[in-house]
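> Sharing a structure, written as structure tokens. Questions coming.
The values are calculated or read from the model by the stated rules, or taken from the named source; none is laboratory data. Model, not experiment: these values are computed from the prediction. No Cβ is skipped: glycine too gets one built from the backbone with ideal geometry, and neighbour counts run over all protein chains shown. These accessible areas exclude ligands, DNA and RNA; they are computed on the full protein's heavy atoms, side chains included. Shrake-Rupley method; radii C 1.70, N 1.55, O 1.52, S 1.80 Å.
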Amino acid sequence: MKLSHRITHLTPSGSDGWEVFNKAREMIASGRSVIELTIGEHDIRTHPSILDAMHVSAKGGHTGYASVPGTTALRTAVAKRIQTRTGVPTTADNIMITPGGQSGLCAAHTAVCSEGDTALYIDPYYATYPGTIRSVGAHPVAIPAHPENAFQPHVTDIARHAKGATSLMVNSPNNPTGAVYSLETMQTIAEQCIKHDLWLISDEVYDTQIWDGTHISPRALPDMAARTLVIGSMSKSHAMTGSRVGWVCGPDHVIEHLINLATHTTYGLPGYIQDAALFALNEGTPLETEIAAPFARRRQITQTLLDTQNTVKGSPIQGAMYAMLDIRTTGMTGITFANALLDTHQIATMPGESFGAAAAGHIRVAMTIDDDTYTSALQTLLDFAARNAA
Ligand SMILES: Cc1ncc(COP(=O)(O)O)c(C=O)c1O
């Protein structure tokens, strides 16, 4: 039986950029010890107090079908968080709770893109972006952001692709580059969206991990609230990756359609997860700061070690849990370097090429293991680069 073109062409055949990751996992499965600096997931688990709230809710009976758009209490709490941080008037009607940010990204594109539309995204990019766009029948087109510009997108690159497109997806703080888009960058993005009548899909799942600069939500820029859909998530801010809870924030008429979509797809998410998320949000910034703290420390470790050498150049780690390292002085591609490092030192990193052409000659290091192991793995990586430098 024939499968749909949409499902069989979701991801291109051939290399999917995860070969080094898969090889590391195979080595681990065969009993070898590998240090994994690959995946964007905390080395701590969900906070016990959040699990307690989940347990109490489930035991209390919140295990049946929950409200499809999300509970009013959680939608209201998310709206309040967004309004407090951005100053943009936001109510529960602007929020739909989704099973994670990933599902929010897909819902947002479903809302704005028709079959065959062009949907733009910035390269380097979070690995699922092009597939998410293809999953709704749209055509993904990458706009490069260059290492020479600290991976901030430039107006000429956006303008070159914007004409005739339907949407633009941006992500700040950025995975994989660690860039936090400046006010100037966000204003440029907003101007281009208005000029070319684009929807803006703003992936802000790392908004609690800012080390340098200020998080600007483009929805707060003049005339942008009506054309912006913001994606949020509890995965990174509250170490709740497995709970699958996120949201889309946008104009209420879009949210109404998204609720209809959820009714016919996900049918919402479990009530006890939503109650745990509500508890976590009500804990406010102290809990978020506690969860983000290990990455702040490891960012400092990274900068200190990078300053001791001049083979590997780090892109500014302004936010998120990753360091994007330029290894071009070794003459290797990111793929060759990551494979060689894994083979010789059993340290797994992600080749920059896994995240698009703009990150070629780089590797992404996830700062997601304990400080001591991280320090020695990074030192080994830098020594390896120095030995291989041309
Ligand atoms: C940039 C970015 N967006 C979205 C997601 C999806 O996160 P989740 O679906 O767990 O909320 C991730 C996960 O790594 C990410 O890095």
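> Of everything in the stretch 239-252, what is out of contact with any Asp or Glu (no Cβ under 6 Å at 6 or more places or on another chain), more than 10 Å from the ligand (Cβ to nearest atom) and either β-branched (Val, Ile, Thr) or open to solvent by 10 Å² or more (accessible area, probe 1.4 Å) (or both)? Give them in sequence order.
First pass over the stretch 239-252, keeping only residues out of contact with any Asp or Glu (no Cβ under 6 Å at 6 or more places or on another chain): 239-240, 242-251.
Now drop any that are not more than 10 Å from the ligand (Cβ to nearest atom), which leaves 239, 248-251.
Within the stretch 239-252, 248, 251 meet the criteria.
> Something else now. Which residues, counting only those in the stretch 79-94, are more than 14 Å from residue 255 (Cα to Cα) and part of a helix (DSSP H, G or I)? It would help to see each step written out before you state the result.
Applying the first criterion (more than 14 Å from residue 255 (Cα to Cα)) to the stretch 79-94 yields 80-89.
Across the stretch 79-94, the qualifying residues are 80, 81, 82, 83, 84, 85, 86.
> State which residue is surrounded by the fewest Cβ atoms within 10 Å (Cβ to Cβ) when the search covers only the stretch 188-217 and only residues that are away from the ligand (no atom under 16 Å from the Cβ) and in contact (Cβ under 8 Å) with a residue 60 or more places away in the chain.
212
> Could you tell me whether residue 66 is away from the ligand (no atom under 16 Å from the Cβ), crowded, with 17+ Cβ neighbours inside 10 Å and among the aliphatic types (A, V, I, L, M)?
Working: away from the ligand (no atom under 16 Å from the Cβ): yes; crowded, with 17+ Cβ neighbours inside 10 Å: yes; among the aliphatic types (A, V, I, L, M): yes.
Yes; evaluated as a whole, the condition is true for this residue.
> Would you point out the residue of the stretch 218-238, among those that are out of contact with any strand residue (DSSP E or B) (no Cβ under 6 Å at 6 or more places or on another chain) and either of a type in the set (S, T, N, Q) or under 21 Å from residue 271 (Cβ atoms) (or both), that is nearest to the ligand (Cβ to nearest atom)? Before you say what the answer is, go through the steps one by one.
Our first condition is that a residue be out of contact with any strand residue (DSSP E or B) (no Cβ under 6 Å at 6 or more places or on another chain); within the stretch 218-238, this holds for 220-226, 234-238.
From what's left, either of a type in the set (S, T, N, Q) or under 21 Å from residue 271 (Cβ atoms) (or both): 234-235, 237-238.
Working: 234: 7, 235: 3, 237: 10, 238: 11 Å.
The residue in question is 235.
> Among the residues that make up the stretch 293-315, is at least one of them assigned to a strand (DSSP E or B) and of a type outside the set (Gly, Ala, Ser)? Walk me through how you get there before you give the answer.
Step one: filter the stretch 293-315 for residues assigned to a strand (DSSP E or B), giving 313-314.
Next, only the ones that are of a type outside the set (Gly, Ala, Ser) stay: 313.
Yes, that holds for at least one residue.
> Of everything in the stretch 24-40, what is touching a residue at least 60 places away in the same chain (Cβ under 8 Å) and surrounded by fewer than 16 Cβ atoms within 10 Å (Cβ to Cβ)? Give them in sequence order. Give the derivation first.
Let us first name the residues in the stretch 24-40 that are touching a residue at least 60 places away in the same chain (Cβ under 8 Å), namely 24, 27, 32-40.
Residues satisfying the conditions are 32, 33, 39.
> Being open to solvent by 60 Å² or more (accessible area, probe 1.4 Å), more than 21 Å from the chain's Cα centre (by Cα), touching a residue at least 12 places away in the same chain (Cβ under 8 Å) and over 21 Å from residue 288 (Cα atoms) narrows it down to one residue among 157, 93; which is it? Steps first, please.
On the way: 157 fails: open to solvent by 60 Å² or more (accessible area, probe 1.4 Å).
Result: 93 is the single residue among 157, 93 that is open to solvent by 60 Å² or more (accessible area, probe 1.4 Å), more than 21 Å from the chain's Cα centre (by Cα), touching a residue at least 12 places away in the same chain (Cβ under 8 Å) and over 21 Å from residue 288 (Cα atoms).
> Also, quick follow-up: So residue 46 ticks every box in (1) assigned to a loop (DSSP other than H, G, I, E, B); (2) within 30 Å of residue 6 (Cα to Cα) but one. Which box is left unticked?
It fails just one condition, (2).
> State which residue is least open to solvent (accessible area, probe 1.4 Å) when the search covers only the stretch 316-329 and only residues that are more than 16 Å from the ligand (Cβ to nearest atom) and out of contact with any Phe, Trp or Tyr (no Cβ under 6 Å at 6 or more places or on another chain). First the steps, then the outcome.
First, pick out the residues of the stretch 316-329 that are more than 16 Å from the ligand (Cβ to nearest atom): 316, 325-329.
Of the ones still in play, those that are also out of contact with any Phe, Trp or Tyr (no Cβ under 6 Å at 6 or more places or on another chain) are 316, 325-326, 328-329.
Working: 316: 63, 325: 1, 326: 21, 328: 109, 329: 68 Å².
My answer is 325.
> Do we find that residue 115 is closer than 26 Å to residue 302 by Cβ, out of contact with any strand residue (DSSP E or B) (no Cβ under 6 Å at 6 or more places or on another chain) and either not hydroxyl-bearing (Ser, Thr, Tyr) or not in a loop (DSSP other than H, G, I, E, B) (or both) in this structure?
no
> Based on what the data block shows, is residue 103 in contact (Cβ under 8 Å) with a residue 12 or more places away in the chain and more than 16 Å from the ligand (Cβ to nearest atom)?
Working: in contact (Cβ under 8 Å) with a residue 12 or more places away in the chain: yes; more than 16 Å from the ligand (Cβ to nearest atom): no.
No.
> Are any residues in the stretch 306-357 free of Cβ contacts under 8 Å to residues at least 40 places away in the same chain and within 14 Å of residue 124 (Cβ to Cβ), and if so, which ones?
Result: 334, single match.
> Taking only the stretch 160-169 into account, find how many residues are crowded, with 18+ Cβ neighbours inside 10 Å, outside any helix (DSSP H, G or I) and either more than 16 Å from the ligand (Cβ to nearest atom) or of a type outside the set (S, T, N, Q) (or both).
Residues meeting the conditions: 4.
> Please verify whether the stretch 292-315 includes one or more residues that are more than 26 Å from residue 48 (Cα to Cα), within 21 Å of the chain's Cα centre (by Cα) and buried (at least 21 other Cβ atoms within 10 Å of the Cβ).
Yes, that holds for at least one residue.
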